[in-house]
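Everything below concerns the one structure shown next.
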Amino acid sequence: MSPHVNAFFDAATNTVSYVVQDPQGSSCAIVDSVLDFDHASGRTNTTSADNVISFVETNGLQVQWILETHVHADHLSAAPYLQDKLGGKIGIGDQITEVQNTFGKVFNEGTEFQRDGSQFDRLFGDGDSFHIGQMRADVMHTPGHTPACMTYVLGDAAFVGDTLFMPDFGTARCDFPGGSAHDLYRSIQRILSLPDDTRIFVGHDYKAPGREEFAWETTVGAQKTRNVHIGQGQDEDSFVEMRQARDATLGMPKLILPSLQVNMRAGNMPEPDQNGDVMLKLPINKL
C-alpha cells in the first residue's frame, strides 16, 4: 500500500511536517507538526499549523493520529492545537519517560510534572502497530538522536524524524542527553533493512552544499548507496568516530530550551503561575 503524503516545510526551523492519508479513504495522520515561536519576544502563532488545518479541511480528511517521531529540540509542537481543531490521538514512543526524567531534572520541574508519558494519548513500543483507516502502520524504535526516537512505517513510506537526513546531508547529531552514536548506527541499519524502494521522509532539510532546493523525500536504496555518513556499507566504529567528532563542533539549536519544555509535555505549555502567566525556564550552564 502506498499512502498519499503531503509535506509542509517550515523555513524558520527547516522542519518538514506531513499529512499521511490512507489511499483508500479519507483517514489521515499528521506527523511532526510545528507551532511557530519567536524566541526574542516569547510569542507564539499558529500559521504553520493553520496551513495543515486548511489542507485537511479543504480535502475533507479525518485526522486519526497526531504523531511525534521524538521530543524535538528545534521547534515547538502544535499537537494540542491541532487536536483541538481536528481531533485525533497524540502518539509518541514509550521511551518518552526517559526524556521526561532527564529534562525534568534539567528544568527543575518538581513532582507536579508527571514523568510517565501521561500527557500523550498513546505511547508506542517497538513492534507496535496501529491503523489509519484501512492502512496499517508499524512502529520501529530507532534511538540515537534521542532515546525516544521512533520511525513510523506506513505501507511503502517511512517517517524517520531526525534519524536520517537526505543522502547528501547525512545523519542526525547524537550529543543531546541520552543520545548515542552507537545506537544511531544500529537504528539506521534497521531502517536500511526495509525494501530498497521504501520512501524515506525526513524531519528536516538544510540544503547540502551544492544543492539549490530543499528536499525531504528519498528512498532506502538511495540512503544505502549515497548517504555521505552511512552509505556504501560504512562500519560502526568509523561512523561513531565521525559522528562524535562532528557533534563536538555543533552549537545547540536556538530553540532547544523552549522546545524541550513544551514538547516533553506533548506540546502543552507549563502550568500558569499564580498570576495566570505562562513562563518558560532558561537554565544556565545545563546543556
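Quick notes on this one:
- Positive-end extreme of charge dipole, the chain - chosen from Val278, Leu164, Gly251 (charges on Cβ): Gly251
- Within the full protein context, the accessible area of Glu98 is estimated at about 80 Å² for a probe radius of 1.4 Å.
- Taking amide H as placed 1.01 Å from N in the peptide plane, the amide H of Asp36 sits under 5 Å from that of Asn45, Thr47, Ser48, Ala49, each at least 5 places away or on another chain.
- Distance from segment 125-195 to segment 203-245 (C-alpha centre basis), Å: 14 Å
- Other-chain or far-sequence residues with amide H under 5 Å of Thr69's (modelled H): Asp32
- Label-to-label distance, nm, for residues given as Val228 and Asp175 (7 Å Cα→Cβ offset): 1.8 nm
- Solvent-accessible area per residue, Å², over the chain with all protein chains present [probe radius 1.4 Å]: 44 Å²
- The slack between Asp38 and Asp156, meaning 0.36 nm per residue of separation minus the straight C-alpha distance, is 38.8 nm.
- Lysine-lysine proximity count for the chain, Cα under 21 Å, sequence distance 8 or more or distinct chains: 7
- Reported label for calculated Rg and Dmax of the Cα atoms in Å given [x] 17.6, 52; [y] 18.1, 58; [z] 23.3, 76: [y]
- Computed from the Cβ-Cβ distance with R0 of 45 Å, the FRET efficiency linking Ser54 to Lys281 stands at 0.85.
- For the chain: relative contact order, % (alpha-carbon pairs under 8 angstrom, 6 or more apart): 17 percent
- Put simply, the amide H of Gly161, placed in the peptide plane, has neighbours under 5 Å in Gly203, leaving out anything fewer than 5 places away on its chain.
- In the complete set of protein chains, residue-level accessible area for His131 is approximately 100 Å², probe 1.4 angstrom.
- Estimated vicinal HN-Hα couplings, Hz - segment 152-164 in sequence order (Karplus 6.51, -1.76, 1.60; Gly, Pro = x): 9, 10, 10, x, 8, 10, 10, 9, 9, x, 9, 5, 10
- Surface composition of the chain: carbon and sulfur make up 46 percent of the accessible area, probe 1.4 Å.
- For segment 127-141, 3J(HN,Hα) per residue [Karplus equation, 6.51 cos²θ - 1.76 cosθ + 1.60, θ = phi - 60°, Hz, x = Gly/Pro]: x, 5, 9, 8, 10, 10, x, 8, 9, 7, 10, 10, 10, 10, 7
- Think of each Lys and Arg Cβ as +1 and each Asp and Glu Cβ as -1; about the Cα centre, that makes the dipole of the chain roughly 200 debye.
The values are calculated or read from the model by the stated rules, or taken from the named source; none is laboratory data. For clarity, every value in this text was computed on a predicted model and none was experimentally measured. Counting neighbours? That spans all protein chains shown, and the Cβs are built from the backbone with ideal geometry, glycine included. Note: accessible area is taken over every heavy atom of the protein model, side chains too, but ligands, DNA and RNA are not part of it. Shrake-Rupley method; radii C 1.70, N 1.55, O 1.52, S 1.80 Å.
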